[in-house]
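Participant: This is the structure I have questions about; it appears just below.
The values are calculated or read from the model by the stated rules, or taken from the named source; none is laboratory data. Bear in mind the structure is a predicted one, so any value in this text is a computation, not a measurement. Virtual Cβ from ideal backbone geometry, glycine too; neighbours counted across all protein chains shown.
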Amino acid sequence: MKKLNIVLSGLLVASVGFAGENLMMKAKNAGLKPIPQSKLKLLKLVDDPTNPMTDAKIELGKKLYFDPRLSKSGIISCNTCHNLGLGGVDGISAAIGHKWTANPHHLNSPTVYNSVLNSAQFWDGRAAHLEDQAQGPMQAAPEMASPAKSVANKVKSIPKYVNEFKKAYGENVKITFKLVADTIGVFERTLITPSRYDEFLNGHPEALTKTEKEGLNLFIDKGCASCHNNIGVGGTMQPFEVANKYKFENVGDFKGNKNGMVKTPTLRNIEETAPYFHNGMVWSLKEAVKDMGSIQLGLKINDKEAGKIATFLKALTGKKPNITYPQLPASTSKTQKPDMN
Amino acid sequence: MKIIALILSIFTTFIVANSDIEILKKAKKANLLPIPNTKIELLKIINNQKNPSTDAKIELGKKLYFDPRVSKSNLISCNTCHNLALGGADGVSVATGDKWHPNPHHLNSPTVYNAVFANYQFWDGRSTTLEEQVKGPIQTQFEMAMHKDILPSKIKNIIGYKEEFKRAYGPNVKITFKLITDTIAIFERTLITPSRYDDFLNGDFKALTPKEKDGLNTFIDLGCTRCHKGIALGGFTQPFDTGKRYKYRNIGDFHGNKNHLVKTPTLRNIKETAPYFHNGMIWNLKDAIKEMGKIQLLLGISDKDAQKIETFFGSLSGRKPKIKYPILP
């Protein structure tokens, strides 16, 4: 009896293990890839060889990221809309910026976490990398509303910032708007969040629960992984409204880039980044899953299936990097005054 | 020769130490008090006996402090106007809140750092504790605009918060508006910033440079310490703008409480908290010093003296507590 038990339980473990491995293979075949475990591999992935990461640049980039003085009003920082405490977003439908202006296209702030893994930035993919992206919101009138020149001048008016730029880039550094944005980009490249999903793909079948595995299986079977794939679980440009109309398509005037392509959002930390879709009109994750099934795959995903997929998606909530809230260098009499108008 | 040098150096040390002792005596006589350098003495001051600090409460309070969902719009946190990265203030003249509304009285956000040492909170001193103060901005229309009955349900609906309240206050905790604000205040009570000035008052004579000591001396001699005293270097309510008029008195309609008393702002971290005065109209610290001399002391403070005092103020920039940016539930 005991023997039989052992044999049975051995068999059971083997079959579970096998199912885990099978699913792992299936996921890999569907183009799903983990965040590398090896630090070197990860660095190769996130580093920008034209402006390689150093501790000094990352620390300076962090300060700039959190500094509201980079905005015209002095009260909006990158972190206002891409809040590192809130999954890297603001948790509201349409981004709100300078003078409480809502994004004129009713666009929702995408998460900054893992955005380095995207192959394009912005909903219409108009920026190829984070450095280019960072230049946008700082200048955009409905966001931080700061002219490029005034950003550079503000930074240059603060001697401690100048010193930090020297420390990061050498004595002869020329502080330009581009360099400010590039440095913010360097910091943003560090914002990656490995999760239990990555552990699973890295060979630990026990990292996901049974229901999560079922959800992952469904996620692949339904075809979600045809767009939400690779390390970013999204991040590429894809056609939108392939099969059916999005029910809130008339909220805002965004219809993708000139070819109607829209950036597939990452699904990492999706549990923390409601509301969903480019115009932030859907608040429930399950509802978003169902809507995507209908719009993109022409499928009716039932409530039970959507529940399982949502359960799987929650396993994508990652470990956030430890961030010490910075002490920003004080303004001087030369620093341009905030302007609320 | 060597011996003479030795004697001379001992002599100089003695003279310096002697004048240091004089300044220290003078400072104590002027009721200037350091932040205590022993943890127990400090805790006695900053602890709220009715709701004693614990690590769990402090950590939860920090999360709430940084959480913009405490506001109606989900965009404004306590930290928006009292930014811990910017000396505990927002660096703008008039506080700007929900829907970009400026403070209707043209009031400037005071720093949260060391606010626990102030006897009164708000410019008109209408609260005596941080716990009372916190209730204000959360509900005010032009600040966070949150209804006090909605906040508890918003917080209760976030499972992670519910668990943290249980951890902090026990399994039967009732999450009320008051408990949320009390918990934020517990975190704020930890925001103290000892500086070289405190080191000096605590007996480390080398903590201040000769110029800073000179500035401290001038600061006392001119009478600034009549209001800027105690641990907070301020925090009491005082008559304002009664003799000579403040040159920007007509910007905004604030003229103190019903007895025209105004809370004296702390001078700690003053170099980081421009612009100055209740309506945030003066950006330059030296100008602020001279204007205060004129209005409050009926003195024309010379440029040189103002410079000395400003140099001393540099020693009031304190060591900020290390804060791990919270991941919110």
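Participant: Of the residues A:93, A:195, A:115, A:157, which single one is at pLDDT 95 or above and closer than 19 Å to residue A:78 by Cβ? Step through it out loud before you land on a result.
Facilitator: Values: A:93 fails: closer than 19 Å to residue A:78 by Cβ; A:195 fails: closer than 19 Å to residue A:78 by Cβ; A:157 fails: closer than 19 Å to residue A:78 by Cβ.
Answer to the check: A:115.
Participant: Scan B:12, B:54 and give me the residue that is hydroxyl-bearing (Ser, Thr, Tyr) and at pLDDT below 95.
Facilitator: Working: B:54 fails: at pLDDT below 95.
It is B:12.
Listed here are the residues, each with its yes/no results for (1) within 23 Å of residue B:195 (Cβ to Cβ); (2) crowded, with 20+ Cβ neighbours inside 10 Å; (3) outside the structural domain of residue B:207 (by TED's automatic domain parsing).
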| site | (1), (2), (3) |
| --- | --- |
| B:258 | no, no, no |
| B:262 | no, yes, no |
| B:268 | yes, yes, no |
| B:275 | yes, yes, no |
| B:283 | yes, no, no |
| B:286 | yes, no, no |
| B:289 | yes, yes, no |
| B:302 | no, no, no |
| B:321 | yes, no, yes |
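Participant: Looking at segment A:74-90, which of its residues are at the interface with chain B (Cβ under 9 Å from one of its Cβ atoms) and of a type outside the set (S, T, N, Q)?
Facilitator: Scanning segment A:74-90 gives A:74, A:75, A:81, A:84, A:85, A:86, A:87, A:90.
Participant: Could I ask something else about it? Where residues in segment A:36-73 are of a type in the set (Ser, Thr, Tyr) and in a loop (DSSP other than H, G, I, E, B), which of them is farthest from the other protein chains (Cβ to nearest Cβ)?
Facilitator: Step one: filter segment A:36-73 for residues of a type in the set (Ser, Thr, Tyr), giving A:38, A:50, A:54, A:65, A:71, A:73.
Remaining after also requiring in a loop (DSSP other than H, G, I, E, B): A:38, A:50, A:54, A:71, A:73.
Working: A:38: 25, A:50: 29, A:54: 21, A:71: 11, A:73: 7 Å.
Checked segment A:36-73; the qualifying residue farthest from the other protein chains (Cβ to nearest Cβ) is A:50.
Participant: Inside segment B:195-232, can you point out the residues that are of a type in the set (S, T, N, Q) and farther than 12 Å from residue B:315 by Cα?
Facilitator: Quick first cut of segment B:195-232, residues of a type in the set (S, T, N, Q) only: B:195, B:202, B:209, B:217-218, B:225.
If the condition is that a residue be of a type in the set (S, T, N, Q) and farther than 12 Å from residue B:315 by Cα, then B:202, B:217, B:218, B:225 are the ones that fit.
Participant: Quick one: which residue in B:119, B:157, B:108, B:83 is under 17 Å from the mean Cα position of the chain (by Cα), surrounded by fewer than 18 Cβ atoms within 10 Å (Cβ to Cβ) and not aliphatic (A, V, I, L, M)?
Facilitator: On the way: B:157 fails: under 17 Å from the mean Cα position of the chain (by Cα); B:108 fails: surrounded by fewer than 18 Cβ atoms within 10 Å (Cβ to Cβ); B:83 fails: surrounded by fewer than 18 Cβ atoms within 10 Å (Cβ to Cβ).
Going through B:119, B:157, B:108, B:83 in turn, just one is under 17 Å from the mean Cα position of the chain (by Cα), surrounded by fewer than 18 Cβ atoms within 10 Å (Cβ to Cβ) and not aliphatic (A, V, I, L, M): B:119.
Participant: Listed residues A:212, A:199; which is within 23 Å of residue A:41 (Cβ to Cβ) and outside any loop (DSSP other than H, G, I, E, B)?
Facilitator: On the way: A:212 fails: within 23 Å of residue A:41 (Cβ to Cβ).
That would be A:199, the only listed residue that is within 23 Å of residue A:41 (Cβ to Cβ) and outside any loop (DSSP other than H, G, I, E, B).
Participant: Residues of segment A:312-339 being closer than 14 Å to residue A:286 by Cα and either within 7 Å of chain B (Cβ to nearest Cβ) or crowded, with 21+ Cβ neighbours inside 10 Å (or both), which ones? Talk me through it step by step, then tell me what you get.
Facilitator: We begin by selecting, within segment A:312-339, every residue closer than 14 Å to residue A:286 by Cα; these are A:312-314.
Passing the criteria: A:312, A:313.
Results for (1) more than 14 Å from chain A (Cβ to nearest Cβ); (2) in contact with an Asp or Glu (Cβ under 9 Å, 6 or more places away or on another chain); (3) part of a loop (DSSP other than H, G, I, E, B), shown as yes or no for each residue.
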position	(1), (2), (3)
B:234	yes, no, yes
B:244	yes, no, yes
B:255	yes, yes, yes
B:259	yes, no, yes
B:274	no, no, yes
B:279	yes, no, yes
B:295	yes, yes, no
B:307	no, no, no
B:320	no, no, yes
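Participant: Going by the structure shown, is residue A:163 under 26 Å from residue A:340 (Cα atoms) and surrounded by fewer than 17 Cβ atoms within 10 Å (Cβ to Cβ)?
Facilitator: Values: under 26 Å from residue A:340 (Cα atoms): no; surrounded by fewer than 17 Cβ atoms within 10 Å (Cβ to Cβ): yes.
When the stated conditions are applied, residue A:163 does not pass them.
Participant: So the check is Cβ under 8 Å with 6+ separation or different chains; which pairs have a first residue in segment B:157-180 that's assigned by TED's automatic domain parsing to the domain that holds residue B:69 and under 24 Å from residue B:139 (Cα atoms) and a second one that's of a type in the set (D, E, K, R) and in a loop (DSSP other than H, G, I, E, B)?
Facilitator: B:177/B:148; B:177/B:149
Participant: Could you check how many residues of segment A:304-336 are under 30 Å from residue A:163 (Cα atoms) and touching a residue at least 40 places away in the same chain (Cβ under 8 Å)?
Facilitator: To start, the set of residues in segment A:304-336 that are under 30 Å from residue A:163 (Cα atoms) comprises A:320-336.
Going one step further and asking which of them are touching a residue at least 40 places away in the same chain (Cβ under 8 Å), we end up with A:320-321, A:323, A:325-326, A:328-332, A:334-336.
Total satisfying the criteria: 13.
Participant: Still on this structure: Is one or more of the residues making up segment B:237-247 among the β-branched types (Val, Ile, Thr) and surrounded by fewer than 21 Cβ atoms within 10 Å (Cβ to Cβ)? Reasoning before the result, please.
Facilitator: Kept after step one, since they are among the β-branched types (Val, Ile, Thr), are these residues of segment B:237-247: B:237, B:242.
With surrounded by fewer than 21 Cβ atoms within 10 Å (Cβ to Cβ) added as a condition, the list becomes B:242.
Yes; the residues of segment B:237-247 include at least one that is among the β-branched types (Val, Ile, Thr) and surrounded by fewer than 21 Cβ atoms within 10 Å (Cβ to Cβ).
Participant: Consider residue A:62 carefully, then state whether it is buried (at least 23 other Cβ atoms within 10 Å of the Cβ) and within 19 Å of the chain's Cα centre (by Cα).
Facilitator: For residue A:62, the condition - buried (at least 23 other Cβ atoms within 10 Å of the Cβ) and within 19 Å of the chain's Cα centre (by Cα) - is met.
Participant: Still on this structure, I have one more. Does segment A:299-314 hold any residues that are over 22 Å from the mean Cα position of the chain (by Cα), assigned to a helix (DSSP H, G or I) and not aliphatic (A, V, I, L, M), and which are they? Working first, answer last.
Facilitator: We begin by selecting, within segment A:299-314, every residue over 22 Å from the mean Cα position of the chain (by Cα); these are A:299-308.
From what's left, assigned to a helix (DSSP H, G or I): A:303-308.
Result: A:303, A:304, A:305, A:307, A:308.
Participant: Among the numbered conditions (1) free of Cβ contacts under 8 Å to residues at least 40 places away in the same chain; (2) assigned to a loop (DSSP other than H, G, I, E, B), tell me where residue B:142 comes up short.
Facilitator: Only one criterion is unmet by residue B:142, namely (1).
Participant: Now for a separate question. Out of the residues in segment B:54-75 that are surrounded by fewer than 20 Cβ atoms within 10 Å (Cβ to Cβ) and not acidic (Asp, Glu), which is farthest from the other protein chains (Cβ to nearest Cβ)?
Facilitator: Start the filter on segment B:54-75 by keeping residues that are surrounded by fewer than 20 Cβ atoms within 10 Å (Cβ to Cβ), which leaves B:54-56, B:58-59, B:73-74.
Of the ones still in play, those that are also not acidic (Asp, Glu) are B:54, B:56, B:58, B:73-74.
On the way: B:54: 21, B:56: 18, B:58: 15, B:73: 7, B:74: 5 Å.
Among those residues, the one meeting the criterion is B:54.
Participant: Is it true that some residue in segment A:22-31 is within 25 Å of residue A:324 (Cα to Cα) and within 21 Å of the chain's Cα centre (by Cα)?
Facilitator: At the first step, the residues of segment A:22-31 found to be within 25 Å of residue A:324 (Cα to Cα) are none.
Looking through segment A:22-31, none of the residues is within 25 Å of residue A:324 (Cα to Cα) and within 21 Å of the chain's Cα centre (by Cα).
Participant: How many residues are outside any helix (DSSP H, G or I) and in contact with a helix residue (DSSP H, G or I) (Cβ under 8 Å, 6 or more places away or on another chain) if we restrict to segment A:140-184? Spell out the reasoning first.
Facilitator: Narrowing segment A:140-184 to residues outside any helix (DSSP H, G or I): A:140-147, A:157-158, A:170-176.
Remaining after also requiring in contact with a helix residue (DSSP H, G or I) (Cβ under 8 Å, 6 or more places away or on another chain): A:141-147, A:173, A:175-176.
Count: 10.
Participant: Can you tell me which residues in segment A:109-137 are in a loop (DSSP other than H, G, I, E, B) and either closer than 23 Å to residue A:340 by Cα or without any contact (Cβ under 8 Å) to a residue 40 or more places away in the chain (or both)? Reasoning before the result, please.
Facilitator: Start the filter on segment A:109-137 by keeping residues that are in a loop (DSSP other than H, G, I, E, B), which leaves A:109-114, A:118-120, A:122-126, A:128-129.
Answer for segment A:109-137, where residues must be in a loop (DSSP other than H, G, I, E, B) and either closer than 23 Å to residue A:340 by Cα or without any contact (Cβ under 8 Å) to a residue 40 or more places away in the chain (or both): A:109, A:128.
Participant: Within segment A:23-32, is there a residue that is within 13 Å of chain B (Cβ to nearest Cβ) and either of a type in the set (Ser, Thr, Tyr) or surrounded by fewer than 17 Cβ atoms within 10 Å (Cβ to Cβ) (or both)?
Facilitator: In the first step, residues of segment A:23-32 are kept if they are within 13 Å of chain B (Cβ to nearest Cβ); the result is none.
No, segment A:23-32 contains no residue that is within 13 Å of chain B (Cβ to nearest Cβ) and either of a type in the set (Ser, Thr, Tyr) or surrounded by fewer than 17 Cβ atoms within 10 Å (Cβ to Cβ) (or both).
Participant: Within segment A:284-297, can one find any residue that is within 14 Å of chain B (Cβ to nearest Cβ) and either over 20 Å from the mean Cα position of the chain (by Cα) or surrounded by 15 or more Cβ atoms within 10 Å (Cβ to Cβ) (or both)?
Facilitator: no
Participant: Out of A:76, A:92, I need the residue that is under 19 Å from residue A:341 (Cα atoms), assigned to a loop (DSSP other than H, G, I, E, B) and among the β-branched types (Val, Ile, Thr). Which one? Reasoning before the result, please.
Facilitator: Working: A:92 fails: under 19 Å from residue A:341 (Cα atoms).
That would be A:76, the only listed residue that is under 19 Å from residue A:341 (Cα atoms), assigned to a loop (DSSP other than H, G, I, E, B) and among the β-branched types (Val, Ile, Thr).
Participant: Take the residues in segment B:104-120 that are among the polar types (S, T, N, Q) and within 25 Å of residue A:328 (Cα to Cα); name whichever of them is nearest to the other protein chains (Cβ to nearest Cβ). Give the derivation first.
Facilitator: Initially, segment B:104-120 is screened for residues among the polar types (S, T, N, Q), giving B:108-109, B:111, B:114, B:119.
Then drop every residue that is not within 25 Å of residue A:328 (Cα to Cα), which leaves B:108-109, B:111, B:114.
Numbers: B:108: 12, B:109: 10, B:111: 12, B:114: 15 Å.
It comes out as B:109.
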